[in-house]
Structure formats: C-alpha cells, structure tokens
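Since the structure comes first, as structure tokens, the remarks are kept for the end.
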Amino acid sequence: MALISRVIRKVFTVPEPLPGSVPIRLLVKTEDASEVDWSIPHPAVVNPVPLTAEKLAIAWIMSPPGESSGGHQNIFRFISVLEAAGHTVKVYLYSAHNPFTVASVRHTLVNSPSYPDFTATFETHTSAGVSSDVDVIFATGWETAYASFRDTSLARRFYFVQDFEPYFYPVGSASTLAENTYRFGFTAITAGGFLADKLATEYGMKASHYDFGANRDLYRITHDEPRKEIFFYARPPTERRGFELGIIALALFAKERPDYTINLAGWNVRSHQIPFPYVNLSELRIDELNAVYNRCAAGLVISLTNMSLLPLELLSAGVIPVVNDGPNNRLVSDNPYIAYTPASPKALARRLIEVVDRADAIEHARAGSQSVAAASWDESGRAFLAIFEAAIRG
Amino acid sequence: MSLFSRAVRSLKTEGPRQAASRAFNRMAIDLDTNRLGDSLVRPEDAVAVDWTVPQLFTTDPPAPKTKNVKTAWIISPPGRTSGGHQNAFRFMDFLEKAGHSVTVYFYTTEHRVVDVTAIRTMLQTTSAYPDLAGDLRVYDPEQGFDDDVDAIFATGWETAYPVFRHPTNARRFYFTQDFEPAFYASGSDYVLAENSYRFGFHGFSAGRWLSKKLTVDYAMPGDFYDYAVDKDHYSLTNTAPRNEILFYARPPTARRAFEFGRLVLTEFHRLRPDITINLVGWDISPYYVPFPYVNHTALDISQLNGVYNRCAAALILSLTNMSLLPMEVMSSGVVPVVNDAPNTREIFESPYMDYQPLSPGSMARRLVELVENPDQVAYAKAMAESVAAIDWVDPGDTFIAAFEASMLAGPNAPRP
C-alpha cells in the first residue's frame with residue numbers, strides 16, 4: 001500500500017525540468033492561448049451590438065511598436081484616419097515576454113517622422129481587458145486576437161490583418177495558434193485583396209480590403225536618363241523576403257551584366273557572404289530612398305506572403321519591379337508594369353537582364369511611374385473608413 | 001557583434017514583437033553568419049536548376065522498359081531511428097525483390113564525412129532496415145549518377161536538385177513522404193522545397209492526401225500507396241476500463257505541435273487531475289510541463305503496445321502528412337483524438353478517428369468525454385476489431401505496379 005501511494009505521489013507531481021531546460025515561448029501569453037476556446041463563439045460575435053452613436057471609442061490592441069516597424073506605421077496611418085473621422089482611439093499594448101514602458105513607446109512614436117500625428121491614448125493591456133466605454137476592438141498581430149477574444153466586453157470585433165502570419169513559422173504550434181485566430185469570428189479589414197480573398201474563402205471570415213497607396217511626395221522620377229544600377233530589397237532576418245533566393249538570382253545577373261551596380265538595401269548585410277560586388281546601403285531613412293531608386297532601372301522584390309509596399313513605390317520612382325509570381329502578389333496589384341516572374345533563380349536573373357536591356361527603358365519607366373499616379377493613401381483611408389462604417393452600421 | 005547586442009539593436013529598431021518572433025524561429029542560427037550553404041541543398045545545385053525550361057526527361061523520355069531496370073536513389077545519410085529513411089530503404093528493397101537494381105547515393109551539405117561502411121553495417125544489423133544488395137556511394141557532384149541509369153529517385157526535397165541536373169533523359173521519380181515546404185517559415189528554403197514539385201518528376205507519395213496535394217497544387221503527376229498497420233505489434237490486450245491517456249510528444253518536430261498539445265493537456269489535467277498522462281515519443285525531461293506525466297521517451301516498438309493498452313484515448317497532432325500512430329493506437333483499443341483537417345481526413349477513413357477542431361479547450365473536453373464514456377470497453381473492442389478486419393494492401397505491390405506502369409509512359413506535355 002505504501003509502495004502504491006509512493007508511486008502515485010511520484011506520478012502525480014509535476015516533474016522538475018532539468019537545469020538549462022528548454023522554455024516554451026510563443027508571442028501569445030500561454031494563459032490566453034489556453035483559455036480561448038473558439039469552438040464556442042464569442043457573444044460579441046454571435047449578437048453584434050448595434051452602434052448608433054456618431055463618435056465611437058475604438059480600442060486597438062497591438063504589440064509595442066518600434067521606430068522602423070512598417071506594420072505599426074501602417075496601423076497608425078489608419079488610426080489617424082479614424083481620428084480624423086471623429087472617433088476616439090485607445091491603444092492597448094500587449095506583450096507576452098518583452099518588458100516595455102508606455103511612456104517610452106509613446107515618446108518614440110510622437111518623435112518619429114515615420115509615424116503620422118495622432119491623439120490616441122496608450123496603456124498596457126491587462127487581463128482586465130479594455131475599458132467599459134469601448135465600442136469597437138481592433139486586433140492587429142495574431143497574438144492580440146487572443147486578448148480580444150478573452151475580453152468579456154461586448155464591443156464589436158475587428159481584425160486589422162496585414163499579413164498571413166501562420167506563414168511566418170514552420171507548420172507547428174505557433175502556426176496553428178496564429179491560424180486559429182481567423183476562426184474567431186472577427187470582421188477582417190486587410191491590406192490588399194489577397195488576404196481578404198484567402199481569409200474569406202479558406203476561413204469563412206467576413207473580410208474586405210483597402211488597396212496599397214504609393215506616396216507621390218516621397219517617390220517620383222527625378223532622374224530621367226538611362227540608369228546603370230539595380231536594387232534588391234535584402235532583409236536576411238525576414239524569411240518572407242527570400243534573401244538567399246535573391247542573392248542566388250543576383251549572382252547570375254552580376255555574371256551576365258558586370259557593368260551594373262547592385263544596391264542592397266533594407267538591412268546591413270556586410271557580414272553575409274555575397275558572391276558579387278555590391279553596394280551595402282543598409283537600412284535607409286524614408287527620405288533617402290527616392291535618390292537611390294532613381295539610380296536604378298530594375299528592382300528585385302521577393303514577397304513570399306502578402307506583397308510588400310515596395311513594388312508600387314519603386315514604380316512611382318521609375319524602377320521596374322521584378323517580383324516573384326504568385327497569387328499573394330498578383331491579387332494585391334495586377335499592375336502591368338510589375339514584371340512577375342517564376343521564383344526560379346535563373347528566370348529571375350533573365351527577367352532582370354531583359355528589363356535593363358530594354359531599348360525603350362526610359363519611356364517604359366515613365367509609363368510605369370504614371371501607372372501608379374492615382375494610387376494614393378488618401379484613397380486607401382477612404383476605403384478603410386467605408387468598410388468600417390458599413391460593418392458597424394449594417 | 002554579439003548575439004546579445006544584436007538582439008538589443010533589433011529590439012530598438014523593430015519593436016519587441018518582431019525581435020521576439022525572430023529569436024524564436026531562428027534560435028539555433030546566428031543571424032549574422034546565416035550564409036548561403038546553410039540550406040539542405042548545395043547553392044550550386046539551386047543555381048543550376050531552371051525548372052521553367054522543360055527538360056529532356058519530360059519532352060523526350062526513354063523507350064519503355066520494365067525488366068531489369070537500373071535505378072539510382074539519392075538520399076541524405078540515414079540514421080538508425082529515422083523512420084523516413086527506413087521507409088525509403090524498404091521501397092528500394094521492393095525494387096530489388098522485383099528484379100530491378102538499386103544504387104544508393106548519399107547527398108548532404110554537412111561537412112561531416114559520410115561513412116559508407118558504417119551505413120552498410122547498420123543496414124545489415126538493424127531490423128528496421130532491409131539488407132540492400134545494391135551499391136552505396138557518396139554523391140560526387142563531379143561524377144553525378146551513372147550514365148546508363150534508367151530511373152532516378154529523389155527523396156528529400158534537396159535531393160531533387162541533383163536529380164534534375166542529370167544530363168540524360170533517364171526517368172525521374174520523386175519518393176515524397178511529406179509536404180516538406182511546411183517544415184519552414186515562408187522564405188527561401190520554403191520556395192526551394194516547393195519548387196521541387198514543379199520539376200516534372202513522377203511522384204510516389206505516402207498516402208493519398210500528399211499525392212492529391214502535389215497534383216492539384218503543382219500539377220505534379222504521381223501515384224500513392226496506402227499506409228498499412230503492423231498487426232503483429234499492435235493489438236487489444238487489456239479489456240478492462242482504462243483510466244489513462246497518451247500524447248505523442250516530439251518537441252523538436254514542429255509538425256507534431258508539442259506546445260499546442262501541452263496547452264490541451266494542461267486544461268485536461270485541470271478537468272481531471274486524477275488521470276495519468278503518458279508522454280511517448282521523446283525524452284521530455286528538459287522541457288517545462290505544468291502537469292504531472294509519465295515520461296516514456298522514445299520507446300522500442302515492442303514496448304508500445306503495453307503502454308497503449310493502458311490508455312482510453314490518445315492525443316495525436318499531425319499538421320502535415322498524417323502519422324501512422326492513429327491507426328496503430330486504434331488496434332490497441334485507444335481512441336485517437338486527431339486535429340480535424342484535410343491532411344488527417346484524407347488518409348484513412350474510419351468512424352473511430354475522433355477529429356476535433358484545434359481548440360485546446362474543446363480537445364481537452366473531448367479527451368475527458370472519451371475516458372468517461374460508460375461504453376468505453378465495448379467501444380475499444382469494436383474499434384480494434386475494425387482495424388484488425390482491414391485487409392491492408394501491401395504497399396510494395398502497389399509501388400511496383402505503379403513504377404512499372406510509369407516506365408512505359410510517353411512524353412509529358414510541357415507545362416506552362
């Protein structure tokens with residue numbers, strides 16, 4: 001009997017992990033992932049509260065923004081659209097692991113030229129959830145959707161989706177937890193048509209999109225002469241930018257067209273072995289980009305999930321973007337001046353050569369720039385607001 | 001720059017979310033030295049392959065040949081317990097037994113020297129491997145494959161690259177056991193793996209889900225063999241009520257979703273703290289697990305049935321091609337709780353497969369229901385009998401018939 005109870009005690013205590021053991025870390029707080037049971041729909045989704053007030057209180061849950069985070073910059077672009085329409089925005093900062101202070105985050109954003117002006121308040125997201133006066137909750141990154149789902153508030157639920165985030169991981173726990181957020185019943189507003197189409201057809205989400213803009217004030221043709229350089233958006237730590245694939249393609253290009261300068265921008269790549277001469281531009285400030293673009297005839301941009309903003313910005317500056325072919329890019333922009341090419345290194349290199357060898361390169365660049373003249377972020381803001389209004393008033 | 005100062009820098013410029021997700025994904029890799037050559041494929045092979053240009057082997061295939069076919073297989077160097085390698089060698093053995101010849105080439109980008117003699121000894125002494133008659137060689141890029149080879153089999157995605165590069169029109173086959181791009185985040189390796197399905201090879205896939213996916217998504221022609229359960233190893237021996245459960249836990253294998261299973265079992269333990277949780281598949285002691293469990297580590301095949309027969313239900317997560325485990329535990333009277341998805345539904349049809357949505361709470365509740373089922377014993381018996389009654393088709397017969405049929409095929413239309 002004593003033996004049995006000893007065995008039982010042994011079995012029914014939590015075994016101690018070994019020293020130096022492997023932590024399990026996910027972007028979402030473990031408790032949030034554990035508690036969210038999306039197989040039982042959230043009441044706010046089952047019976048959406050009708051919103052009649054003209055001015056709404058809108059909560060955005062997001063990870064603490066960094067200065068050069070393009071995803072956060074885009075979030076604040078649309079927060080300022082909501083504020084301009086008379087709504088009040090409250091930002092809730094959610095982070096499972098990394099410490100931050102609200103004051104320092106706010107300071108960074110207010111002083112950064114990359115962020116628009118806004119009046120939103122900032123606070124740390126806690127298990128208490130959003131304040132009781134909140135009418136609408138926007139989730140942003142996938143982990144924030146868990147915080148939104150766990151919140152007992154009956155506020156209307158939206159999901160501001162900028163990429164298909166399960167693709168950021170090998171298939172496993174993190175990709176599954178990210179994918180499940182599309183089953184929470186939230187209304188999606190997405191960056192471009194690919195995401196809206198994917199979320200609606202594969203997950204049955206109510207999903208609408210705004211189109212990308214290209215800021216004409218920042219990106220335009222200033223150099224209307226033959227260009228003898230090319231550009232590659234090189235970000236080795238960001239898997240979806242296909243750094244290694246791009247380098248393999250550029251090595252072939254460099255061999256065929258050694259007289260062309262190859263610019264790498266987006267990351268300091270000096271410590272990578274790159275088998276051809278290149279200019280390491282590292283991370284450039286937003287006001288330095290147009291000058292670089294205007295030296296380039298072609299730009300290689302690999303986007304393996306949702307398309308980058310870069311192809312339209314490059315076009316605006318008269319650079320022909322060579323982009324890997326796929327629905328993730330074509331459904332975002334079907335602009336005929338984007339040179340969509342299969343993601344075979346040799347095919348990409350051949351296409352870059354074709355683009356720089358064009359006899360009518362200058363006219364072609366001008367026409368490419370003209371083709372995006374109408375793509376403005378103001379238009380995107382109006383589309384976003386129309387989707388939002390239709391969803392809450394409908 | 002140290003990894004730490006890099007982390008601080010990236011925290012400042014990107015915000016903690018990006019920095020964190022990167023650290024989690026690429027933990028083992030020093031980002032500054034993540035250079036070309038870290039991929040499974042040799043960069044020279046990745047550069048040389050241009051699959052957008054149709055090749056001789058699709059436009060001008062060799063004359064039909066079904067007797068004494070000379071085959072070459074290229075594969076990464078095998079380990080003693082690698083199930084994927086064991087399975088590939090089993091199929092090489094089928095070819096030899098059908099009167100064809102096999103030469104095996106080992107392909108790797110690792111610097112470690114491949115010891116062919118040790119591999120030969122392992123094949124001869126490990127019961128999980130057949131003792132192959134054919135030659136074993138290290139793949140030498142200068143030599144490539146023999147010029148007179150009739151058919152070349154790629155195995156892992158990286159081996160498809162040297163197979164594509166072979167200059168003759170020898171027939172090309174692709175022995176696919178999983179959808180390997182899913183092993184990576186969307187990035188260069190994902191693309192290089194995915195592109196291998198566009199090379200124009202003829203696939204032999206483990207199960208119909210994979211075969212269908214490759215045909216539908218990549219227009220890759222192919223056949224499949226069905227899984228078969230080894231009735232000798234798995235059977236119902238315990239007909240008393242069972243009060244334990246099982247989780248197939250393999251933390252290093254992302255597609256087995258260890259962290260997700262841990263969430264499910266944490267909730268399960270909260271609901272029924274009295275039920276023993278068995279973890280099988282890997283030594284879990286270095287991992288934090290917030291509930292008591294029995295750590296079986298990786299058990300020998302002969303010990304599995306004993307553990308299975310103590311369990312009423314098993315949590316088995318398969319995020320890419322399904323594991324054989326659900327069928328095996330059913331033979332032992334354990335109800336498999338399996339994530340509900342095409343990759344699990346399209347492999348094996350049985351009313352006893354307990355498909356559940358991937359919500360930790362709902363999976364935990366289902367596991368409780370299964371343990372508490374008053375008809376548990378009768379249900380287990382009926383389930384085990386249903387599996388035992390299946391006349392499993394021999395995968396070898398399926399394979400040889402499909403192989404010989406495709407050795408007769410004419411040219412494929414060049415794909416757009």
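Only sites in a loop by DSSP and with at most 14 other Cβ atoms within 10 Å count here; which chymotrypsin sites (Phe, Trp or Tyr not before Pro) in the range B:367-416 make the cut?
Filter output for the range B:367-416: B:392.
Please compute the modelled spin-label separation between residue B:56 and residue B:109, points set 7 Å along Cα→Cβ, answer in nm with one decimal.
2.7 nm
Select from B:401, A:171, B:296 the residue farthest towards the positive end of the dipole of the protein assembly as shown; place +1 on Cβ of Lys and Arg, -1 on Cβ of Asp and Glu, and compute about the Cα centre.
Checking the options against the dipole of the protein assembly as shown, the answer is B:296.
Along each of its three principal axes, how wide is the spread of alpha-carbon positions in the range A:295-347, in whole angstrom units, largest first?
Cα extents, longest axis first: 27, 25, 17 Å.
With 5 Å bins from zero, work out the P(r) of the range B:206-247 over every alpha carbon pair and list the percent per bin.
5, 16, 14, 12, 11, 10, 11, 10, 6, 3, 0
So how do A:67, B:349, A:379 line up by other beta-carbon neighbours within 10 Å, fewest first?
If I rank by nearby Cβ atoms, fewest first, I get B:349, A:379, A:67.
Could I have the simple spin-label model distance between residue B:128 and residue B:230, label points 7 Å from Cα toward Cβ, reported in nm to one decimal?
0.9 nm
Would you list the P(r) distribution for the range B:150-269, with all Cα-Cα distances sorted into 5 Å bins from 0 and each bin expressed as a whole %?
Percent of Cα pairs in each bin: 2, 9, 15, 15, 14, 13, 11, 8, 6, 4, 2, 1, 0.
Using only the Cα atoms, work out Rg/Rh for the range B:343-401, with Rh taken as the Kirkwood radius, to two decimals.
With Rh from the inverse mean 1/r over Cα pairs, Rg/Rh is 1.10.
Which one of A:387, A:364, A:375 is farthest out on the positive end of the charge dipole of the range A:355-394, using unit charges on Cβ (Lys, Arg +1; Asp, Glu -1) and the Cα centre as origin?
Towards the positive end, the residue furthest out is A:387.
Based on Cα coordinates alone, diagonalise the gyration tensor for chain B, multiply each eigenvalue by 5, take square roots, and list the semi-axes in whole Å, largest first.
Semi-axes from the Cα gyration tensor: 38, 29, 20 Å.
Would you work out which of B:285, B:309, B:387 lies farthest towards the positive end of the dipole of the range B:265-416, given +1 charges on the beta-carbon of Lys and Arg and -1 on that of Asp and Glu, about the Cα centre?
Of B:285, B:309, B:387, it is B:285.
On each of the three principal axes of the Cα atoms of the range A:303-394, give max minus min coordinate, whole Å, ordered largest first.
Over the range A:303-394, Cα extents along the principal axes are 53, 28, 15 Å.
Over the Cα atoms of the range B:184-230, compute the convex hull volume and normalise it per residue, giving Å³.
Per-residue hull volume (Cα only) is 88 Å³.
Under a plain spin-label model, where a point goes 7 Å from the Cα along Cα-to-Cβ, how far apart in nm are residue B:240 and residue B:142?
Label-label distance for residue B:240 and residue B:142, simple model: 6.8 nm.
Quote the charge dipole size of chain B about the Cα centre in Debye, to the nearest 20; the model charges only the Cβ of Lys and Arg (+1) and of Asp and Glu (-1).
Magnitude of the dipole: close to 1080 debye.
Once you wrap a convex hull around the alpha carbon atoms of the range B:202-354, what is its projected area averaged over all directions, in nm²?
If I average the Cα hull's projected area over directions, I get 9.8 nm².
For the range B:147-200, with only Lys/Arg (+1) and Asp/Glu (-1) charged at the beta-carbon, what is the dipole magnitude about the Cα centre, in debye rounded to 20?
Result for the range B:147-200 is approximately 160 debye, rounded to the nearest 20.
Based on the Kirkwood radius over alpha-carbon pairs, what is the Stokes-Einstein translational diffusion coefficient of the protein assembly as shown at 20 °C with 1.002 mPa s viscosity, in µm²/s?
74 µm²/s
Let me check I have the definition right: for the range A:181-306, take the eigenvalues of the Cα gyration tensor, multiply each by 5, take square roots. What are those semi-axes in whole Å, largest first?
After diagonalising the Cα gyration tensor, the semi-axes are 33, 19, 13 Å.
Taking a virtual spin label 7 Å from the Cα of residue A:40 along the C-beta vector, which residues in the range A:140-160 bring their backbone nitrogen under 19 Å of it?
Answer for the range A:140-160: A:146-155.
Let me have the 222 nm mean residue ellipticity of the protein assembly as shown computed from DSSP H runs of 4+ only, each contributing -39500 (n - 2.57), with the sum over all residues rounded to the nearest 500.
Rounded to the nearest 500, the figure is -10500 deg cm²/dmol.
Charges only on Cβ, +1 for Lys and Arg, -1 for Asp and Glu: so what's the dipole of the range A:234-339 about the Cα centre, in debye to the nearest 20?
Dipole of the range A:234-339, to the nearest 20 debye: 140 debye.
Given the range B:63-187 reduced to its alpha-carbon atoms as identical point scatterers, what log10 I(q)/I(0) does the Debye formula return at q = 0.10, 0.11, 0.23 Å⁻¹?
-0.31, -0.37, -1.56
If r is the Cβ-Cβ distance from residue B:401 to residue B:355 and R0 is 30 Å, what FRET efficiency results, to the nearest 0.05?
Efficiency at R0 = 30 Å is approximately 0.45.
Calculate, in nm to one decimal, what residue A:85 and residue A:117 gain on full extension: separation in residues at 0.36 nm each, minus their alpha carbon distance.
The residue A:85-residue A:117 span can extend by a further 10.1 nm.
Build a GNM of chain A with springs between Cα atoms under 10 Å: which of A:343, A:234, A:103 gets the top mean-square fluctuation?
Result for chain A, Cα springs under 10 Å: A:103 fluctuates most.
Using a Förster distance of 22 angstrom, determine the FRET efficiency expected from the C-beta separation of residue A:386 and residue A:216, and round it to 0.05.
0.50
Specify the residue with the greatest mean-square fluctuation among B:341, B:160, B:313, computed from a Gaussian network of chain B linking alpha-carbon atoms under 10 Å apart.
Result: B:341 has the largest fluctuation of those listed.
Per Stokes-Einstein, at 25 °C and 0.890 mPa s, what whole-number D in µm² s⁻¹ belongs to chain A, with the Kirkwood radius over Cα pairs as the hydrodynamic radius?
For these conditions, the coefficient is 107 µm²/s.
Going by alpha carbons, how many degrees (0 to 90, nearest 10) lie between the helix axis of A:2-11 and the longest principal axis of chain A?
30 degrees
So which residue, out of B:69, B:47, B:149, gets the largest mean-square fluctuation from a GNM of chain B using Cα contacts under 10 Å as springs?
Among B:69, B:47, B:149, the largest GNM mean-square fluctuation belongs to B:47.
Which percent of Cα-Cα pairs in the range A:258-335 sits in each 5 Å bin, short to long?
Calculated over all Cα pairs of the range A:258-335, the distribution is 3, 14, 23, 23, 20, 13, 4, 0 percent.
Every read-out reported here was derived from the displayed coordinates using simple, explicitly stated rules and does not represent laboratory data. Quick caveat, the model's predicted, so the values are computed rather than measured. Neighbour counts run over all protein chains shown; Cβ positions are idealised from the backbone, glycine included.
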